[in-house]
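Just below is one structure, and these are the notes that go with it.
Just so it is clear, none of the values below were taken in a lab; they were calculated from the coordinates. Please read these numbers as outputs of a predicted model, since none were measured by experiment. Using ideal geometry, Cβ is built from the backbone for each residue, glycine included, and neighbour counts are taken over all protein chains shown.
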Amino acid sequence: MKVSRVVLAGLIVALAGPVYAQSLAEIAKKEQERRKTVPTATKVYTNDDLKKITLPTDSKEPPAPTTGDAAKAEGAPKDGAAKADAAKADEKAAAQSENDWRARMATAREDVRRGEVFQQALQSRINGLSADFTSRDDPAQRAQIGDERQKAIAELAQVAKDIEAAKKKIGDIEEEARRANVPPGWIR
């Protein structure tokens, strides 16, 4: 029984050999002949061709609103003052270029960075004053150092408020850009 299985396996291997014996040169030759029979492209599409293509009129999707139509599409405010404000905001956003948006965000981020650096410097000063306060024995010197430390703590609180205001400004710029349909890459 084992002999017949070995013989059968040998026959299968012997017969399968010629099937896979086709050389790479023969395959390349057949592919070259096949390519000669395939017709070549008659039209090459470019970016200019793609700009000409528009959606068919029977399309279910409405065209995207332009900057001027954005307020109408979102349900424009009914009173005149709100309409004027919305129109001014649209015109202002449309007039700003990519560089303007990038500059605004860079300035806001720089304000946050400066505030955080100043905050760290103040914290270091407070830590130094605290250490100096505890190491002094003279009550007059301790009082003077204590006053300086309290001023630095008050300044630290103000800087923390300034940092929060600068972070809010970044959020406001991002929201304004979103409403003006500014590409996200412009404010990164």
### Query
When segment 133-156 is examined, which residues are found to be of a type in the set (Gly, Ala, Ser) and either closer than 30 Å to Glu110 by Cα or over 50 Å from the mean Cα position of the chain (by Cα) (or both)?
Ser135, Ala140, Ala143, Ala152, Ala154
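Can you name the residue in segment 30-53 that is in a loop (DSSP other than H, G, I, E, B) and among the hydrophobic types (A, V, I, L, M, F, W, C) and, of all such residues, is nearest to the chain's Cα centre (by Cα)?
Of all residues in segment 30-53, those in a loop (DSSP other than H, G, I, E, B) come to 38-46, 53.
Those still in the list that are among the hydrophobic types (A, V, I, L, M, F, W, C) too: 38, 41, 44, 53.
Numbers: Val38: 45, Ala41: 39, Val44: 34, Ile53: 29 Å.
If we take residues in segment 30-53 being in a loop (DSSP other than H, G, I, E, B) and among the hydrophobic types (A, V, I, L, M, F, W, C), then Ile53 is nearest to the chain's Cα centre (by Cα).
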### Query
Of (1) in contact (Cβ under 8 Å) with a residue 60 or more places away in the chain; (2) surrounded by 15 or more Cβ atoms within 10 Å (Cβ to Cβ), Arg188 satisfies all except one. Which?
(2)
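Can you spot a residue in segment 157-168 that is among the polar types (S, T, N, Q) and more than 35 Å from the chain's Cα centre (by Cα)? Show your work before the answer.
The initial filter retains those residues of segment 157-168 that are among the polar types (S, T, N, Q), namely 158.
Retained after the next criterion (residues that are more than 35 Å from the chain's Cα centre (by Cα)): none.
Scanning segment 157-168 turns up no residue that is among the polar types (S, T, N, Q) and more than 35 Å from the chain's Cα centre (by Cα).
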